[in-house]
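See below for the structure under consideration.
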Amino acid sequence: HKRTLADMKTLASGTAYSESTTTAFSHSVKKRQKQVSPAYRAAARSLDAELDSQPGSPGPVESELNAFNSGKALGLVAGAYAEPSSTFHVIIDLIADLLSTR
């Protein structure tokens with residue numbers, strides 16, 4: 001199994017929904033899900049910069065992030081109207097597979 005980071009996010013029924021340009025049911029949740037991994041990468045790079053790491057090459061924080069699923073964090077997002085992000089289904093399937101082997 002790959003080591004993977006996951007971050008649980010929730011959306012309130014506010015601007016994330018009212019600023020949406022589509023009426024698709026889970027558009028806001030998908031949009032938030034896609035923001036999680038780049039935010040982790042940006043935070044790691046920012047911390048590395050504070051540690052005076054060499055620009056252009058991964059510092060210690062980004063290197064540690066890369067040890068988890070090539071640096072990709074899963075965004076588990078639950079919307080205000082009980083709509084889950086697609087990564088929830090990945091986790092549910094993983095848990096089901098693990099439980100079925102017991």
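The values are calculated or read from the model by the stated rules, or taken from the named source; none is laboratory data. Remember, predicted model here, so these are calculated numbers, not experimental data. Every residue, glycine as well, gets a Cβ built from its backbone with ideal geometry; the counts of neighbours run over all protein chains shown. Remember, those area values only see protein heavy atoms, side chains included, never the ligands or the DNA or RNA. Shrake-Rupley method; radii C 1.70, N 1.55, O 1.52, S 1.80 Å.
What are the ³J(HN,Hα) values, in whole Hz, obtained from phi via the Karplus relation 6.51 cos²θ - 1.76 cosθ + 1.60 with θ = phi - 60°, for each residue of the stretch 89-102 in sequence order, with x given for Gly and Pro?
Ordered by residue, 3J(HN,Hα) equals 5, 4, 5, 4, 5, 4, 4, 4, 4, 5, 5, 6, 8, 7 Hz.
Only one of the values (i) 135; (ii) 298; (iii) 123 was calculated from this structure for volume of the Cα convex hull per residue in Å³; name its label.
(iii)
5 Å is the cut-off here: which amide hydrogens, built 1.01 Å from N in the peptide plane, fall below it relative to Ala6, excluding neighbours closer than 5 in sequence?
Leu74
Order the peptides 44-51, 32-39 from the highest to the lowest mean number of other Cβ atoms within 10 Å of their residues.
Listed from highest to lowest mean packing, they are 32-39, 44-51.
Just to verify a number: FRET efficiency for His89 and Ala12, C-beta to C-beta distance, R0 = 22 Å, to 0.05?
Values: r = 22 Å, r/R0 = 1.02.
Step by step, r from the Cβ atoms, then E = 0.45.
Largest first, how would Leu98, Leu65 line up by accessible area (1.4 Å probe)? The partial results should precede the final answer.
Working: Leu98 85, Leu65 15 Å².
So the residues, ranked largest to smallest area, are Leu98, Leu65.
Hey, what angle do you get for helix 27-50 against the long axis of the chain, alpha-carbon based, 0 to 90 degrees rounded to 10?
With rounding to tens, the tilt is 10 degrees.
Excluding same-chain residues fewer than 8 positions from Lys31, which aspartates and glutamates have a Cα within less than 17 Å of its Cα?
Partners found: Asp7, Glu19, Glu83.
Tally Lys and Arg at +1 and Asp and Glu at -1 over the other residues with C-beta under 15 Å from the C-beta of Lys9: what net charge comes out?
Details: positive: Lys30, Lys31, Arg32, Lys34; negative: Asp7, Glu83.
Net charge in that neighbourhood comes out at +2.
In what order, largest first, do Lys2, Lys30 sit by accessible area if the probe radius is 1.4 Å? Let's see the in-between values first.
Values: Lys2 155, Lys30 115 Å².
Largest accessible area first, the list is Lys2, Lys30.
Quick check on packing: order 58-64, 75-81 by the mean number of other C-beta atoms within 10 Å, highest mean leading. List each step's numbers first, then the result.
On the way: 58-64: 15.6, 75-81: 19.1.
Packing order, densest peptide first, comes out as 75-81, 58-64.
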